[in-house]
1. Which of the residues belonging to region 277-291 are open to solvent by less than 60 Å² (accessible area, probe 1.4 Å) and without any contact (Cβ under 8 Å) to a residue 12 or more places away in the chain?
2. Select from region 96-134 the residues that are modelled with pLDDT of 95 or more, part of a helix (DSSP H, G or I) and acidic (D, E) and write down the one among them that is nearest to the chain's Cα centre (by Cα).
3. Evaluate the following for G216: is it loosely packed, with under 15 Cβ neighbours inside 10 Å, modelled with pLDDT of 95 or more and farther than 30 Å from S5 by Cα?
4. Which residue pairs have Cβ atoms closer than 6 Å, lie 6 or more positions apart in sequence or on different chains, and pair a first residue in region 1-30 that is more than 20 Å from S53 (Cα to Cα) with a second residue that is at pLDDT 90 or above and among the hydroxyl-bearing types (S, T, Y)?
5. For the condition farther than 23 Å from D276 by Cβ, out of contact with any Leu (no Cβ under 7 Å at 6 or more places or on another chain) and surrounded by fewer than 17 Cβ atoms within 10 Å (Cβ to Cβ), what is the one hit in E194, E130, E157, E201?
6. Please give the number of the condition V207 fails out of (1) closer than 21 Å to Q268 by Cα; (2) part of a loop (DSSP other than H, G, I, E, B); (3) at pLDDT 95 or above.
7. Among the numbered criteria (1) in a loop (DSSP other than H, G, I, E, B); (2) touching a residue at least 40 places away in the same chain (Cβ under 8 Å); (3) surrounded by 15 or more Cβ atoms within 10 Å (Cβ to Cβ), which one does L140 miss?
Amino acid sequence: MVESSRSALKRWIGVELKRLRQRAEYERADVAERLGKTAAWPGHVEVGRNLPSAADLEVLLTWYGHADRIQFFRTLLSRAKKGKDWWIGFSDVTPEWFTMYLGLESIARQLSGYDAMVVHGLFQLPEYAEAIIREVNPTLPDAEVNRRVELRMARHEVLTHRTDLEPLQVWRVIDEAALRRVVGGPAVMRRQLERLIKLAELSNVTVQVLPAAAGGHPGIEGAFTIMDYPAEFEDDPGTVWFESRIRGTFIEDPAEIAIYRDDLTRIQVNKALKPDQSIALIKQVAKEITR
């Protein structure tokens, strides 16, 4: 069973109930009438704002034709009620739109994607992360910058330490431009590249480099992440995530997710260097960075 991230489990329960309702060809108004709820109740549950009761779950799953999943949902509901979100201690520096991403990252089985401008947050050194945060938000006080760096470093636990799950499988394709962009100065950038090389030695981490010579590619419009979940979340198509400076966006429609999966596969297979070639290029770039 997955770790108890309350927010992530609430979201998954809601999203899955929505999928099952749609497959059964019912409207939210039908659900409200069936359970004797307000018109707003189904929507609040399906977006993860509220949790349904165990009794309501049983009625809905039976009605949707999935009575065989009642026990699984009951277990999930219990864990969601007892669960805690590990980042609560960082609420002072966590934008509301980012909290759900943190929850999903904490329970995901695999996180894969393309990084266009900078090294992914799960791979960043504190000094590298600090330099990025200061460049994007030059007026932030030092205390807040430090807290944001601490939050980013705390996320790294998913790579090596998770109580109820295997370490997160991470597969990132990093644009060569991100490797050559000297963030934080030459010394910091060299250490960051050395960190990438070390992480790539982990059995759950795969790093590929998209060389500049590759030209145009399916990710040319920007970075994105695909999150896949444990097998217990049967039929879950995953989630696509991308973010701007002021907000993040989730894509949950299976057809749209399939487009991003196809794009990533094309980048990995047709455009990016193989993992061993990628590490060789990272080492080369590190040597080329001058003081």
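1. From region 277-291, those open to solvent by less than 60 Å² (accessible area, probe 1.4 Å) are 278-282, 285-286, 289; that's our starting set.
Passing the criteria: only A280.
2. E130
3. Answer is no for this residue.
4. What qualifies is A24/Y64.
5. Going through E194, E130, E157, E201 in turn, just one is farther than 23 Å from D276 by Cβ, out of contact with any Leu (no Cβ under 7 Å at 6 or more places or on another chain) and surrounded by fewer than 17 Cβ atoms within 10 Å (Cβ to Cβ): E157.
6. (2)
7. Result: L140 passes all but (2).
Residues are listed down the side, and each one gets a yes or a no for (1) open to solvent by 50 Å² or more (accessible area, probe 1.4 Å); (2) modelled with pLDDT of 95 or more:
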position: R190; (1), (2): no, yes
position: G222; (1), (2): no, no
position: P230; (1), (2): no, no
position: G238; (1), (2): no, no
position: Y260; (1), (2): yes, yes
position: K271; (1), (2): yes, yes
position: P275; (1), (2): yes, yes
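The values are calculated or read from the model by the stated rules, or taken from the named source; none is laboratory data. None of these values were measured; they are calculated from a predicted model. FYI the Cβ positions are ideal-geometry reconstructions off the backbone, even for glycines, and counts take in every protein chain you see. The accessibility values were calculated without ligands, DNA or RNA, using every heavy atom of the protein model including side chains. Shrake-Rupley method; radii C 1.70, N 1.55, O 1.52, S 1.80 Å.
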